[in-house]
Each structure stands twice: as structure tokens, then as C-alpha cells.
Amino acid sequence: MSTLRLTFLGTGGGTPSISRGLPSIAIKYSGELILFDCGESTQRQMMKAGVGFKSKFTIFLTHLHGDHVMGLPGLLYTLSMLDRREPVKVYGPRGVEEFIEMFQKTRYGKISFEVEVEKVREGLIHQSRGYEIMAIRSNHTIESYCYMFREKNRVGKMRVEFLESIGLPRGPLWGKLQRGESVEWQGKIIKPEEAVGPPRAGRRIVYTGDTAPDFRIAEFAKDADVLIHDSTFDSTYEKEAAEQGHSTSIQAAEIARTSRVKRLYLFHISPRYENNSEKLLREAVKIFPETYLAEDFLTYEVPCRD
């Protein structure tokens, strides 16, 4: 079983505040590091949070507003100063390649590794051995994407009582059955479906980036383990939120309730709530009780599904 650990590196929006950095989220899974957005000083936040700089490292940018991407040059140059040689893959919307080329052309530093750039589209955009990343468009003022980390289904549980009842010893034969292979035992063929339960659903984390409330995101996040949703304003600023392509805490909670997610994190908190961010939480929990306020350096290990 692989640990799936979510770490909030920066949880503010627009400008940093004393307690909140700009948007960035790290996921550590099976020896890999996945980064969603890269606000200013993300590399420092990574060091302070202890997530490290894994050799296998992928970055997903939701959109090209400065508070979500201006940490990328510093992060890449820091990795270069650490003598990294492995490539880093960066996914983002239209214009991300030009953005990366622009700061490399300044020649203020040399990047010692290859930066592989992929333009995002809706659908499956990236996959590794144990997970895949899906994307859909979000509802913001420029081209922007919402991402899903989706763990691939895990092998079902061994039917221990059955296997013990027929006397099949633990060991290589159990392993073969778990891999979907039939085995012969005492003159009888044991099929995998007899010995192993149905596949267990993988875990899912959905990150909206900046977005106004959108029914497509609600459907995209259906039954997810974690939804990290734009919650820039409280309900008294609903008009401003709509104009700027953001959501209120109440709207985020309504999406979570519609999606039937297990846990909601309010994210992209405006600096105006530096001393009263609990106001956002109080509004949201009335609609969706399993709501939490994202804070810099907060971590959460997503439990496996049964």
C-alpha cells in the first residue's frame, strides 16, 4: 500500500500574507512528487515542509496568473543549483511554453536539466505506474484547468478464510493468485476470482485552482476523497467573486455537497481574511460539515478505500 500524502505549501491568493504563501500543493505518492501550481517562494515552502526534491518530479499549472506561476523560475533555478540532472516535466495551459522560454532567455542563470513542457487539454494528460492525472477546464477569467489525481484501482483483498480452508500455504502461490494467475493445488485448479476479492477503488484528489462554481467540476469531483476548492471570498462578496472568476466559501461547500466528496479544503484565501479566515469556515460547515480550512504546511494522509 502506497502512502498518499497531501501537503499545502501555499494557500493564499493574489498576494502573499504573513501567514499564507501563494498557491502550491504537493502530493507525495510511491516515491514521486507531484506539484500543483507554483506560487512565489514555492521552493522555500517545499524545504520548510520537508517534502524534498524527488528525482521523479512533475508540475501541473492550472493557469498563468502570476500568483500561480511566478515561483516556477526560482524553483527550477534552485533545482539547478542543487545540480539536478533528471528532467522536470511541466504541464500547463496555452502559453506555458512561451513563459518558460522567456525566463530562460534572460540568462540570469543556467538550468542544468531538461524542462519538458506539455500543453494541457481536457481528459487524461499524464499517467504513471500507480496513478493518472485528469484535467477539465475550470470557470475562470483566462484559460484554466482543474486537475484530478486518480490512483489506479488496487488489487482486491485475499479471501483468507477460503485459502486457509483448502490449506493453500501463504507465499508465492498467493502472490500468483493476487496477480491474476490461476494456480494448481492438490490436483485442483484455483482461479484468481475464487481467491481474491473485487478490485478496490483508488483514491482521488481534485484541485480546482481558480474557478467560479461550475456544475462540470461538481461532476468531475464526484465521490472524490478530497476536493480542494477556490474559496477566495465569503458570501458577502458573491458579486465580486463572480466578476473575478472565483468562488465564495458557501459556493465551494455547495459543490462539495453536490459531489458527495469525503473532505473539502477551502483554498486560495484572500489576504483580507488574514485575521478572520474562520469566517469562511463557519459559513461552509453549515452546508458541508466535512470542511477544513487549508493552512500553509498542513498535511493530510489520504486513507485507502476499503
Residue (of PHE233, GLN251, VAL302) at the positive-pole extreme of the chain, dipole from beta-carbon charges: VAL302
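Mind putting a number on the dipole of the chain about its Cα centre? Charges go on the C-beta only, +1 for Lys and Arg and -1 for Asp and Glu, and I need it in Debye to the nearest 20.
That gives the chain a dipole magnitude of about 960 debye.
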Residue-count net charge about GLY71 - beta-carbon cut-off 10 Å; Lys, Arg +1, Asp, Glu -1: -2
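Step by step: find N for the range 24-142, compute 2.2 N^0.38 Å, then divide the Cα radius of gyration by it. What's the final number?
That ratio works out to 1.02.
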Antiparallel bridge percentage (DSSP; both residues within the chain; nearest 5): 60
Those trypsin sites (Lys or Arg not before Pro) in the range 154-262 that DSSP places in a loop and that have at most 15 other beta carbons within 10 Å: LYS157, ARG159, ARG170, ARG179, LYS222, ARG260
Under the Karplus curve 6.51 cos²θ - 1.76 cosθ + 1.60, θ = phi - 60°, whole-Hz ³J(HN,Hα) for the range 9-20, x wherever Gly or Pro sits: 8, x, 10, x, x, x, 10, x, 10, 4, 9, 10
Separation between Cα centres of the range 1-42 and the range 196-243, rounded to whole Å: 16
LYS176 paired with ASP83, simple spin-label distance in nm, labels 7 Å along Cα-to-beta-carbon: 4.8
Global form of the range 105-165, assessed from the alpha-carbon gyration tensor, a/c cut-off 1.5: oblate
ARG200 versus ARG5: modelled label distance in nm, points set 7 Å from Cα along the beta carbon direction: 2.0
Principal axes of the chain: Cα extent on each, largest first, Å: 71, 50, 32
Amide N proximity, the range 208-233 versus ASN153 label position 7 Å along Cα-to-Cβ, cut-off under 19 Å: 222-225
Size of electric dipole in the range 218-294: Cβ of Lys, Arg +1 and of Asp, Glu -1, about Cα centre, debye, nearest 20: 240
Spatially proximal aspartates and glutamates relative to LYS110 (Cα-Cα < 14 Å; intrachain offsets below 8 disregarded): ASP83, GLU101
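How big, on average over all directions, is the shadow cast by the Cα convex hull of the range 197-306, in nm²?
7.2
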Furthest towards positive pole of dipole, GLN186, ILE217, THR58, structure part the chain, Cβ charges: GLN186
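Quote the charge dipole size of the range 162-306 about the Cα centre in Debye, to the nearest 20; the model charges only the Cβ of Lys and Arg (+1) and of Asp and Glu (-1).
My answer is approximately 680 debye.
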Residues PHE220, PHE113 arranged by fewest to most Cβ contacts within 10 Å: PHE113, PHE220
Column: log10 I(q)/I(0), Debye, Cα scatterers of the range 82-241, q = 0.08, 0.09 Å⁻¹: -0.46, -0.55
Straight-distance crosslink candidates among lysines, where the alpha carbon sits under 29 Å from LYS157 and sequence neighbours closer than 8 are dropped: LYS28, LYS176, LYS188, LYS191, LYS222, LYS262
Computed over the chain: relative contact order in percent, which uses C-alpha pairs under 8 Å that are six or more apart: 17
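The numbers here are math on the coordinates, done by the rules we state, and not lab data. Treat the numbers as computed from the prediction; the structure is a model and nothing was measured. Every residue, glycine among them, receives a Cβ derived from its backbone with ideal geometry; neighbour counts consider all protein chains shown.
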